[in-house]
Amino acid sequence: MGGTSLTHGLWGRTAPAAPATKPLDGSTRADVAIIGAGFTGLSAALHLAEAGTDAVVLEAEEPGFGGSGRNVGLVNAGLWLPPADIAAAVGVETGQRLNAALGASPALVFSLIERFGIDCEAVRNGTLHLAHAPAGFADLARRHAQLSAIGAPVTLLDERETEARTGSRAFYGALHDARAGTIQPLAYARGLAAAALAAGARIHTGTMVTGLERGAGGWTVATARGTVTADTVILATNAYTGALAPGLSRTVTPVHYFQCATEPLPERTLAEILPRREGTWDTGMVMASFRLDRAGRLIVGSIGRLDHAGAVAHRTWAERVMHRAFPQTRGLALDGGWFGRIGMTADHIPRFHEPEPGLLAVIGYNGRGVGPGTVFGKALAAFARSRDAADMPLPRTSPHDWPWRPVRAAFWEAGAVAWHTVD
């Protein structure tokens, strides 16, 4: 199986074709200009268009090109932090709103998939958070208690039950969340793009934004071959914001996540490994994820990037941990892999910023892009139309630098290489 780190790997080979789009050529006006065609930007465009608001999306590459189309495809409910920890960080009232909105995010994702007939390998059988050690199971028990307290349909599984659900004896237990599921993420992004276009949004691909300027007539968004003037701009670039809005970029640390995939598993092996097709990730300090695609390929992922010499450690670890967790796969190899970028905040909670009037952004999904991206895209669409703070599950805050970002990013990568060398 081919594939390089500079593509979308398996996702690029198995997703339906992207809808037809073209670059921006000339000047135009819209109510809302959206920069970035990932989950957030496309959800915003779709919901704006359905509400009768003229929206233009500008994307440097193609829909889903960045972190959205390189995602693991776990449609998880909530954030990385359990609900009580979120409430402690942002306050009880905001915590309740945020937990409610993101707890319902899988329902929104799967409803859009059903409503628009998006062919993205959607499976809604829940996800399994796997305990890699006894301490990990204790953490899952704490999460189970917090999630149960707010009515989430979660089940704590013991070691025997986890083996039956995974086909692996490597784990000490698991937390099953029935709200969640899996998708083919690039296919989902392309499906959202098609739905947004059908609803009346305009999407221009191959159109890199080179500048933003606010004037008396609103915002002017400049590109190489044209401009868009809009009352409101939604910056939906998350970890890929870069120099376009350096004040926002400095609020998150980029962390990379890679994946590798097998060929389709033999039928006998497939009957044993993840028989209910639940997506999984573990409690390890440098976490691992395992899931299947529609064709029965096993996909293994973890922290790391694949564009430097240390990537050899990542790839060899992925094969080693696959064989250790699932001895049934011995003799099977993994492909070359692919990777994407995650925006991490200091407290693992996203931020809603309006650095200048009419310039809106949510940044820092902390590895939870599918559900939160879709939810925040819808919320940004509503806020852009109403300017009502009640439409956003987070209050507006001012961007501020997270010190030592490059050092932190290098530390994460070096730590992942070291872990994957010795584990």
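Residues of the range 112-148 being among the basic types (Lys, Arg) and under 25 Å from Val300 (Cα atoms), which ones? Show your work before the answer.
At the first step, the residues of the range 112-148 found to be among the basic types (Lys, Arg) are 115, 124, 142-143.
Of everything in the range 112-148, those that are among the basic types (Lys, Arg) and under 25 Å from Val300 (Cα atoms) turn out to be Arg124, Arg143.
Residues checked against (1) open to solvent by 30 Å² or more (accessible area, probe 1.4 Å); (2) not in a loop (DSSP other than H, G, I, E, B):
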site: Ala18; (1), (2): yes, no
site: Leu24; (1), (2): no, no
site: Ala30; (1), (2): no, yes
site: Ala37; (1), (2): no, no
site: Leu42; (1), (2): no, yes
site: Ala49; (1), (2): no, yes
site: Val56; (1), (2): no, yes
site: Glu61; (1), (2): yes, no
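Which one is least open to solvent (accessible area, probe 1.4 Å), of the residues in the range 397-423 that are out of contact with any helix residue (DSSP H, G or I) (no Cβ under 6 Å at 6 or more places or on another chain) and polar (S, T, N, Q)?
The initial filter retains those residues of the range 397-423 that are out of contact with any helix residue (DSSP H, G or I) (no Cβ under 6 Å at 6 or more places or on another chain), namely 397-398, 400-416, 418-419, 422-423.
Filter once more, so that each one left must be polar (S, T, N, Q): 397-398.
Values: Thr397: 60, Ser398: 90 Å².
Result: Thr397.
What tally of residues in the range 356-396 results from selecting those that are farther than 24 Å from Ala49 by Cβ and either open to solvent by less than 60 Å² (accessible area, probe 1.4 Å) or among the aliphatic types (A, V, I, L, M) (or both)?
The first filter runs over the range 356-396 and keeps only residues farther than 24 Å from Ala49 by Cβ, leaving 356, 364, 366-368, 395-396.
Subsequent filtering for residues that are either open to solvent by less than 60 Å² (accessible area, probe 1.4 Å) or among the aliphatic types (A, V, I, L, M) (or both) retains 364, 366-368.
Residues meeting the conditions: 4.
Can you find a residue that is farther than 26 Å from Leu186 by Cβ, touching a Leu at 6+ places or on another chain (Cβ under 7 Å) and open to solvent by less than 10 Å² (accessible area, probe 1.4 Å) anywhere in the range 344-351?
yes
Looking at the range 224-241 only, could you name the residues that are open to solvent by less than 20 Å² (accessible area, probe 1.4 Å) and more than 26 Å from the chain's Cα centre (by Cα)?
Across the range 224-241, the qualifying residues are Gly226, Val228, Ala230.
Tell me, which strands (runs of 3 or more DSSP E) wholly within the range 221-338 include 2 or more residues that are among the hydrophobic types (A, V, I, L, M, F, W, C)? Please lay out each step first, then the result.
On the way: elements: 226-235, 253-264, 279-282, 288-292, 297-303.
Qualifying strands (runs of 3 or more DSSP E): 226-235, 253-264, 288-292, 297-303.
How about the range 116-215: which helices (runs of 4 or more DSSP H) wholly inside it have at least 1 residues that are over 30 Å from Gly226 (Cβ atoms) and modelled with pLDDT of 95 or more?
Details: elements: 134-149, 159-166, 185-199.
So the answer is 134-149, 159-166.
Listed residues Leu394, Leu380; which is more than 28 Å from Cys260 (Cβ to Cβ), in a loop (DSSP other than H, G, I, E, B) and in contact with a strand residue (DSSP E or B) (Cβ under 8 Å, 6 or more places away or on another chain)?
Working: Leu380 fails: in a loop (DSSP other than H, G, I, E, B).
Sole residue among the options that is more than 28 Å from Cys260 (Cβ to Cβ), in a loop (DSSP other than H, G, I, E, B) and in contact with a strand residue (DSSP E or B) (Cβ under 8 Å, 6 or more places away or on another chain): Leu394.
Looking at Ile113, is it surrounded by 19 or more Cβ atoms within 10 Å (Cβ to Cβ), in contact with a helix residue (DSSP H, G or I) (Cβ under 8 Å, 6 or more places away or on another chain), outside any helix (DSSP H, G or I) and at negative phi?
Details: surrounded by 19 or more Cβ atoms within 10 Å (Cβ to Cβ): yes; in contact with a helix residue (DSSP H, G or I) (Cβ under 8 Å, 6 or more places away or on another chain): yes; outside any helix (DSSP H, G or I): no; at negative phi: yes.
When the stated conditions are applied, Ile113 does not pass them.
The values are calculated or read from the model by the stated rules, or taken from the named source; none is laboratory data. For clarity, every value in this text was computed on a predicted model and none was experimentally measured. Cβ coordinates were reconstructed from backbone atoms using ideal geometry, including for glycine residues, and neighbour counts include every protein chain displayed. Quick note on the areas: whole protein, heavy atoms, side chains included, nothing else; ligands and nucleic acids left out. Shrake-Rupley method; radii C 1.70, N 1.55, O 1.52, S 1.80 Å.
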